[in-house]
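Worksheet for the structure shown next.
Every number in this text was worked out from the coordinates using simple rules, so none of it is lab data. Note that the structure is a prediction, hence the values are computed from the model and not measured. Cβ: placed from backbone, ideal geometry, glycine included. Neighbour counts: every protein chain shown.
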Amino acid sequence: MTAPEALAATPAGEEPLLLRALRSEPLPRPPAWMMRQAGRYLPEYMAVRSTLSFLELCHDADLCCEVTLQPLRRFPFDAGIIFSDILLPLEAMGCPLTFGKGEGPRFPNPVRDRAAIAALKRIDPWRDLPSPLRALQLTTARAGVPILGFAGAPFTLACYLIEGEGSKDWHHTKSMMFTDPEAFGALLDRLAEMVGDHLQAQVEAGAACVQLFDTWAGALAPDDFRRWALPAARKALSKVRGAPTLYFTRDASPFLPWLAEIGADAIGLDWRADMAHARSVLGPHIPVQGNLDPQALAAPPAVVAEKVRAIISAAGPAGHVFNLGHGLVPSSPISGVHAALDAVRGWSWA
Ligand code: CP3
């Protein structure tokens, strides 16, 4: 890969560290990228956003490409993630979506019964949701590092669809799960099929790797995680060919013993997981990604560096992708991102 502009780049002739880490090759240092690395903590992102809404941005492939490249101009990340949102495919399935000012996402017509589930449209990714695919084509042609595609996992998407918005206890979601398990299972099935197709289309559009975000699966009891979130995520990932896959969930530490069953090539850990413990439970052959607390980027640079080194040291020389334990937030300091990346790039296992 060559980069014609001043962008983070893998040295010519070398295979990207990200792909080598995902094959558990021992490396001199882990590759590093950060979830939500394109976003509101960057003034150049805010400049683009001042001209249009978040959803308008997501539907403009040229601007999604531009915004994906922004952090790669500023920081020496080893990978990028295509700019989009996990909720866009649900809009394409026929569920109107809004992002109010200062609010999270909302589905004004939540999916709460069998008729609403049956009414969900089957989508063809290239026909019904072309913007992330076009954006991937444009971005992979320009970026000097691998670009990840992504999707929401079926359980997490079902949470938003059924609830109609974010929630602390996911009351409506769990109500359907416990009172009409057949309908809930049918919804997860429909979503798993859609997610699998959407991820595979992203691989065909140039994604070097795809990540499944199961942000809310940590809200489940272990037996419900194994009954619902796990098989639905496995079904979605089983459709992906030709690129490594990552599975990320928050608060998943209690589920570590079962995460390998999802069939992802690597597991993303949130910051509450102890890295050494997670690796010992998952086993040495499952690569991990993570897991600095995003809020820790506000610490003095020497403290950030110390925390980064502790994570790398606990993860070991093979099968670790450095990342945060969740996404960057609007208040994340740019100096903290530099401090973390300096510490990763200064590390040497040799
Ligand atoms: O990581 C990246 O840089 C790629 C882009 C990306 C976004 N959202 C952009 C975004 C990715 C991978 C996501 C995933 C996503 N979206 C998840 C799973 C991971 C996670 O963060 O938990 C979820 C649950 C969503 C749904 C979503 N989108 C919510 C709840 C919100 C509002 C919360 C907030 O941060 O304001 C969004 C909006 C959103 N998605 C923004 C960005 C940059 C902020 C929108 C803006 O510019 O106003």
Fill in the blank from the handout: Label model pair residue 44, residue 126: point-to-point distance (7 angstrom along the Cα→beta-carbon line) in nm is 3.2
Completion exercise
Here the percent of antiparallel bridges among DSSP beta bridges lying wholly in the chain, to the nearest 5, is 15
Exercise for the section: Enumerate the lysines that residue 235 could reach by cross-link, defined here as Cα to Cα under 26 Å, with residues fewer than 8 away along the same chain left out. Expected result: 121, 174
Problem - 25 Å Cα-Cα reach of residue 101 towards lysines, excluding residues that sit fewer than 8 places from it in its own chain - result: 168
Exercise for the section: Note the angle between two axes, namely the Cα long axis of helix 181-204 and the longest principal axis of the Cα atoms of the chain, as a number of degrees from 0 to 90, rounded to the nearest 10. Expected result: 40
Practice task
Note the full-extension length gain between residue 182 and residue 169 as 0.36 nm times their separation in residues minus their Cα-Cα distance, in nm to one decimal.
Solution key: 2.6 nm
Problem - q = 0.08, 0.09 Å⁻¹, the chain: log10 I(q)/I(0) [Debye, one scatterer per Cα] - result: -0.35, -0.45
Exercise for the section: Please report the relative contact order for the chain, taking Cα pairs under 8 Å with a sequence separation of at least 6, and give it as a percent rounded to a whole number. Expected result: 21
Exercise for the section: Counting other Cβ atoms within 10 Å, keep those with at most 12, restrict to DSSP loop, and tell me which trypsin sites (Lys or Arg not before Pro) in region 79-125 are left. Expected result: 101, 121, 122
Practice task
With r as the distance between the Cβ atoms of residue 348 and residue 6 and R0 = 35 Å, compute the FRET efficiency 1/(1 + (r/R0)^6) and round to 0.05.
Solution key: 0.85
Fill in the blank from the handout: Per-residue ellipticity at 222 nm attributable to helices in the chain (runs of n ≥ 4 DSSP H, -39500 (n - 2.57) apiece, nearest 500 deg cm²/dmol) works out to -12000 deg cm²/dmol
Completion exercise
Expressed in angstrom and rounded, the centroid-to-centroid distance over alpha carbons for region 96-156 and region 57-82 is 17
Problem - Restricting region 99-187 to GluC sites (Glu not before Pro) in coil, as DSSP defines it, with at most 15 other Cβ within 10 Å - result: 103
Exercise for the section: Quote to one decimal, in nm, the extra length available between residue 241 and residue 137 on full extension: 0.36 nm per residue of separation minus the C-alpha distance between them. Expected result: 35.7 nm
Exercise for the section: Measure off 7 Å from each Cα along the Cα-to-Cβ vector at residue 114 and residue 25, then give the distance between these two points in nanometres to one decimal. Expected result: 5.3
Problem - Debye equation applied to the C-alpha atoms of region 210-350, log10 I(q)/I(0) at 0.10, 0.16, 0.17 Å⁻¹ - result: -0.34, -0.84, -0.93
Problem - Simple Cβ-charge dipole of region 18-345, Lys/Arg +1 and Asp/Glu -1, about Cα centre, in debye nearest 20 - result: 500
Fill in the blank from the handout: A correct Karplus calculation of ³J(HN,Hα) over region 18-28, with 6.51 cos²θ - 1.76 cosθ + 1.60, θ = phi - 60°, whole Hz and x for Gly and Pro, returns 4, 5, 5, 5, 6, 9, 6, 6, x, 10, x
Handout entry: Sequence-distant residues sharing a close amide H with residue 152 (under 5 Å, placed H)
Key = 213
Exercise for the section: Run a plain Debye calculation on region 99-180 (Cα atoms as equal point scatterers, no solvent) and give log10 I(q)/I(0) at q = 0.12 Å⁻¹, rounded to two decimals, same order as the q list. Expected result: -0.52
